[in-house]
Every structure is written in structure tokens, then in C-alpha cells.
Amino acid sequence: MSALTPRPQASVPVSPDWWLMLRKFAQHGTSIASFAPSSRFLARTICKGIDYDAAKCIVELGAGTGPITNELVRQVRAGTRLVIVELDPDFCKRLRAKFPGADIVEGDAAHMDKLLADRGITQVDHVVSGLPLPSFPDQLRGDILASVARSLAPNGTFRQLTNMPYIYWKLYRGYFSDVRFNLVPLNLPPAGVYVCRGYHSAPVAP
């Protein structure tokens, strides 16, 4: 039984999620991961393998309109902290309307560890990211991953979605010693998920 239950669809804001995503993509370009919300297939794949019975804290970065949030809310157990970090205020408004019981934080993923510290959280079991990290400047991407690493449990995972399968494996391998890729062909466009462990203190040249 989930600790959080999404609000019935009738109470969700009228404008569709795809329209909000498209508008944000047109406004902000590469700071938005995609012009459309992730499919249910991608949402399920990025969460696949999480031990919800053992996890004490799960964090989502860059939730957008919440397709992955919905999967996490559906699966998370009572007693597990679920923290959703999203920088865009319009996305945060949409998320709070759809998931009124969830902890939605309007904040910068580069300060994830500080945002969690404000909530008394010192360690995270899994970080699920919808951020377009390859499009970010090197310094910002490094700051985000370093902030993740400061909070991630020794055996924890960093899970990153992508709409360009396999292309960025070497990029993530530069930051993590163990990088695995799961293809999601049923997503439109075809997408996938990197599951990463073992953060390096500095990027390693591919």
C-alpha cells in the first residue's frame, strides 16, 4: 500500500501535461529534458529494481509534470521519505495539485544535500533524475552530481533518464565506476535509463 495517493484526475489542472511541457521546452530549450512527459514505460523502467521495502529515502530531481513522481508515489512504502525537487515554479504548482501529500521542493538540484539537510535527511538510498544533465554546463553538471554523492548511501543508486540511448554512457562512466543502461524502446522517442553507482571525486576522462 502506498504511503501517498495521487489526487483523483478530476482535480488536476485543466491544461494537459503535454502542453505545459511543450511550452516550457519552447521557452527554455535544453534546460528542459524533453518536449513531452515521459511515458509510463520509461517511468516504470527508471524505478525498476528499487527495493521499496528497504529504502528509507528516495529523491527525484527534475520532476516536470510528474510521470515518474506518479510511479514513485504509487510504489513508496509508509515510513519512506520521498522528496521531489523541481526548480520551475509552474511545474511545482502542477505537482502539488496532482500529489497533495508529497513533499515537493522548489529548489536547485545543485544544492540537493542542503535541501535535504533542512528536512533532517542525511542519507538517500536512490536518486531518480529527469534533468537533462548532458545539456548543462560542465560546472553545473558536476555540482549537481557532487551534491547527489554527498547524500547518496554507499550502495545507493543514481538513476538518470535519457532520450538519446547509449550516447552518454561514457559521460556518466566519467563520474561513476559502475554504469548500466536499460533501453526503453516503447517510449516516444526511444529512451533509456542509466543506473549508476560508485561516484568518483572528480570526473574521469573516458
Hits in the range 40-83 (condition: open to solvent by less than 60 Å² (accessible area, probe 1.4 Å), closer than 16 Å to TYR194 by Cα, not in a helix (DSSP H, G or I) and not hydrophobic (A, V, I, L, M, F, W, C)): GLU60, GLY62
The range 123-171 - residue that is hydroxyl-bearing (Ser, Thr, Tyr) and under 18 Å from THR45 (Cα atoms) and, of those, surrounded by the fewest Cβ atoms within 10 Å (Cβ to Cβ): TYR166
Yes/no for GLY79 being within 12 Å of the chain's Cα centre (by Cα) and at pLDDT below 95: no
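With the structure loaded, tell me whether ALA205 is among the small types (Gly, Ala, Ser) and either under 25 Å from VAL124 (Cα atoms) or modelled with pLDDT of 90 or more (or both) or whether it fails that test. Write out each step before concluding.
Details: among the small types (Gly, Ala, Ser): yes; either under 25 Å from VAL124 (Cα atoms) or modelled with pLDDT of 90 or more (or both): no.
Here the answer is no, as ALA205 does not meet what is asked.
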Conditions (1) surrounded by 16 or more Cβ atoms within 10 Å (Cβ to Cβ); (2) at pLDDT below 95; (3) of a type outside the set (Ser, Thr, Tyr); number of the one not met by PHE176: (2)
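Of all the strands (runs of 3 or more DSSP E) wholly in the range 84-198, which have at least 1 residues that are more than 22 Å from ASP51 (Cβ to Cβ)? Show your work before the answer.
Values: elements: 103-106, 124-129, 152-162, 176-184.
In the range 84-198, the matching strands (runs of 3 or more DSSP E) lie at 103-106, 152-162, 176-184.
The values are calculated or read from the model by the stated rules, or taken from the named source; none is laboratory data. None of these values were measured; they are calculated from a predicted model. So basically every Cβ, Gly included, is an ideal-geometry build from the backbone, and we count neighbours across all protein chains shown. Ligands, DNA and RNA are excluded from the accessible area calculation, which covers all protein heavy atoms including side chains. Shrake-Rupley method; radii C 1.70, N 1.55, O 1.52, S 1.80 Å.
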